[in-house]
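Here you go, one structure.
All of the numbers you see were taken from the coordinates with simple rules; none came from a lab. The shown structure was predicted, so the numbers you read here are calculated from the model rather than taken from an experiment. Positions of Cβ are backbone-derived with ideal geometry, glycine not excepted, and every protein chain shown enters the neighbour counts.
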Protein chains: 2
Amino acid sequence: MTQRRTYEWPRPAVTVDIAVFTVAGTLQGLRLQVLLIQRNQGPFRGHWALPGGFVHENEDLLDAAKRELAEETGLRDVYLEQVQTVGMPGRDPRGHVVTVVHVALVAADRHQLAATGDARAARWFDVSALPPLAFDHGQLLQLTLKHLRRRLGETPACFELLPAQFTLSELQSLCETILDRPLDRRNFRRKVQELKILAPVRGTRREGAHRPARLYRFVPQAFRGYASRRQALPF
Amino acid sequence: MTQRRTYEWPRPAVTVDIAVFTVAGTLQGLRLQVLLIQRNQGPFRGHWALPGGFVHENEDLLDAAKRELAEETGLRDVYLEQVQTVGMPGRDPRGHVVTVVHVALVAADRHQLAATGDARAARWFDVSALPPLAFDHGQLLQLTLKHLRRRLGETPACFELLPAQFTLSELQSLCETILDRPLDRRNFRRKVQELKILAPVRGTRREGAHRPARLYRFVPQAFRGYASRRQALPF
DNA sequence: ACAAAAGTGTTACGCCTACACCCATGC
DNA sequence: GCATGGGTGTAGGCGTAACACTTTTGT
């Protein structure tokens, strides 16, 4: 990426940026994290930024986002959602760049990070302790975070972060971490059970010197008419 | 606009498309309408399409949408909202074109239509009787319509379509037309009044051989914390 | 026995929905 | 006086939010 170029008709370039979130830590201290790359090229070289890059010709936006994410961070097979498109002049010193912002939620431990291409490094950062970000990526990140929180109750995305078998407490802690607010345990459990999207699993889980918890698994087949309800998950 | 071009780096072009809606007709027969232009250029010449066009370099997306709308239809000073961005390859025969779709709601009688530039004509069409549309504009229109209906209760947009003084029945008919479903009169009135965003106006209005209705005006100052409520208007 | 997390029900409130009758006016 | 739309209140159901104690295990 060099300085601005001249085109037959001057026109903005199109990029995709992706904010991938995960939740890390033990049950007692979960933290919401976001995947950032350290830029190896062009402006803001050395700065941390959201993964992303230019959309190729004849490439769908979602495909471009997946490709860039894989190239720069090694992440593959991630469910992405479009958030918003930002094209304010001046947001990129190279010229006019319109970016289509995406968001995802993944289990960090199910993916291998591999910084390549334009990325010198790829790392998870606590959302509460971000480094200064390149371009307007700080603002873009806020957009994605808002979108993520709004969508949490409408999509099954949160089950992506849990192991195949999990306890209700784990699910609740996860949601609390993403939403950054406490939820009432009894209301949470009742409403999750009413959704009938979880099936109990034989066996229990121990976590130290405590009563073992029941294990459940997510049943995707049971996930029907989810979007039709006003609020599917109890958040 | 001619055939596809070659760039230093092949890259998608960026357009904006705008679906402007209005409500037309008498109180007894309101119809939701959308503003379409008849293309005078390039592919789909002669077909009807959403107004829109290429984003200039160093032009913000909203500005581009306003400019294109003014150029092709004569509409100015319209409040636009971004809906979604679509960039599926093949959606434009000229090459890869990414479009940022916008939506607006205006009072048709407060604007003068003037088809210029790429538009041979500009006309309001009933949403229930659309002509075949160019490109994938039929799908884009569905996206905007969904967005409009979702946002109707969260924004004061609907007051844009009413005269300065209006009756509650007029407001209700308007909302029913946009949502394409009937609303309960008493519930509607109660909830609108609870919002305290309307002020009664001295005087009454006659509408034929009936009891005159009270007139109200919208009080923008009273429009506070509107977005904070889950559902601001009773839809 | 005690520490620590798991598990469980009820109540109060607000919101939404459904519903029917009288009122004021023009003709 | 009648046709037409304007205007009003209440009761039931539903979902949400608040809230405390008992159970099970490991140490």
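Counting partner chain Cβ atoms within 10 Å of every residue's Cβ in A:90-96, what's the average?
Numbers: counts 2, 1, 0, 0, 0, 2, 7.
Mean number of neighbouring Cβ atoms from other chains: 2.
Can you compute the radius of gyration and Dmax for chain B, using only the Cα atoms, both in Å?
Every Cα atom of chain B included, Rg and Dmax give 19.7, 70 Å.
Right, something else. Taking θ as phi - 60°, what are the ³J(HN,Hα) couplings along region A:58-67 by the Karplus curve (6.51, -1.76, 1.60), each to the nearest whole Hz, with x for Gly and Pro?
6, 10, 5, 4, 5, 4, 4, 5, 5, 5
Which distances in nm, rounded to one decimal and ordered from shortest, link the label point of residue B:25 to the equivalent label points in the other identical copies, with labels set 7 Å from Cα toward Cβ?
So the distances to the same position in the other copies read 5.7 nm.
Another one. Over the protein assembly as shown, consider all pairs of different Cα atoms and compute the Kirkwood hydrodynamic radius from their mean reciprocal separation; express it in Å, one decimal. List each step's numbers first, then the result.
On the way: mean 1/r = 0.0399 Å⁻¹.
For the protein assembly as shown, the Kirkwood estimate is 25.1 Å.
Could you work out the percent of alpha carbon pairs in region A:13-151 separated by over 27 Å, rounded to a whole number?
Numbers: 1128 of 9591 pairs.
Everything past 27 Å amounts to 12 percent.
Where in region A:162-209 are there trypsin sites (Lys or Arg not before Pro) that are in a DSSP coil and have at most 15 other Cβ atoms within 10 angstrom of their Cβ?
On the way: sites: A:185, A:186, A:189, A:190, A:191, A:196, A:202, A:205, A:206; in loops: A:196, A:206.
Passing both the DSSP loop test and the Cβ count: A:196, A:206.
While we're looking at this one, here's another question. Just checking the output field for B:52-61: average partner chain Cβ neighbours within 10 Å of each residue's Cβ? Mind showing how you got there, number by number?
Values: counts 0, 0, 3, 6, 6, 11, 8, 8, 8, 7.
If you average over the peptide's residues, the count of other-chain Cβ atoms is 6.
While we're here: Sort shortest first the distances from residue B:42 to its counterpart in every other copy, using label points 7 Å along the Cα-to-beta-carbon line, and give them in nm.
Reported distances to equivalent positions: 2.4 nm.
Going through region A:177-227, which chymotrypsin sites (Phe, Trp or Tyr not before Pro) have at most 16 other Cβ atoms within 10 Å and a DSSP loop state?
On the way: sites: A:188, A:216, A:218, A:223, A:226; in loops: A:223, A:226.
Within region A:177-227, the qualifying chymotrypsin sites (Phe, Trp or Tyr not before Pro) (loop, at most 16 other Cβ atoms within 10 Å) are A:223, A:226.
If I model a spin label as a point 7 Å beyond the Cα along the Cα-Cβ vector, how far apart are those points for residue A:129 and residue A:160 in nm?
2.5
According to a simple spin-label model (label point 7 Å from Cα along Cα-to-Cβ), what is the distance in nm between residue B:149 and residue A:31?
So the two model labels end up 4.5 nm from each other.
Report, in deg cm²/dmol and to the nearest 500, the calculated mean residue ellipticity at 222 nm for chain A, where each DSSP H run with n ≥ 4 adds -39500 (n - 2.57) and the sum is divided by the residue count. Spell out each step's value before the answer.
Working: 4 runs with 51 residues, N = 235.
Computed ellipticity for chain A at 222 nm equals -7000 deg cm²/dmol.
Counting partner chain Cβ atoms within 10 Å of every residue's Cβ in A:78-87, what's the average?
Working: counts 0, 0, 0, 0, 4, 1, 4, 12, 4, 13.
If you average over the peptide's residues, the count of other-chain Cβ atoms is 4.
Calculate, for residue A:179 and residue B:209, the FRET efficiency according to 1/(1 + (r/R0)^6) with r their C-beta to C-beta distance and R0 51 Å; round to the nearest 0.05.
On the way: r = 56 Å, r/R0 = 1.11.
Between residue A:179 and residue B:209 the formula returns 0.35.
Further, regarding this structure: Which of the aspartates and glutamates could a cross-linker span from residue B:66 if the Cα-Cα distance has to be under 18 Å and same-chain partners fewer than 8 positions apart are dropped?
Straight-line reach from residue B:66, under 18 Å: B:17, B:57, B:77, B:81, B:118, B:160.
Given springs between every Cα pair under 10 Å in a Gaussian network model of chain A, which of A:69, A:105, A:113 has the largest fluctuation?
A:113
Shifting gears a bit: In bins 5 Å wide, starting from 0, what share of all Cα pairs of region B:167-217 does each bin hold, as a percent?
That works out to 4, 19, 25, 26, 19, 6, 1, in percent per bin.
Taking residue B:189 in one copy and the same position in all the others, each labelled 7 Å out along Cα→Cβ, what are the pairwise distances from the first, in nm, shortest first?
Output for residue B:189: 4.8 nm, nearest copy listed first.
For the pair residue B:94/residue B:222, report the inter-label distance in nm, with labels modelled 7 Å from Cα in the Cβ direction.
4.8
Within region B:119-144, whose backbone N sits under 20 Å from a point 7 Å along Cα→Cβ of residue B:79?
B:144
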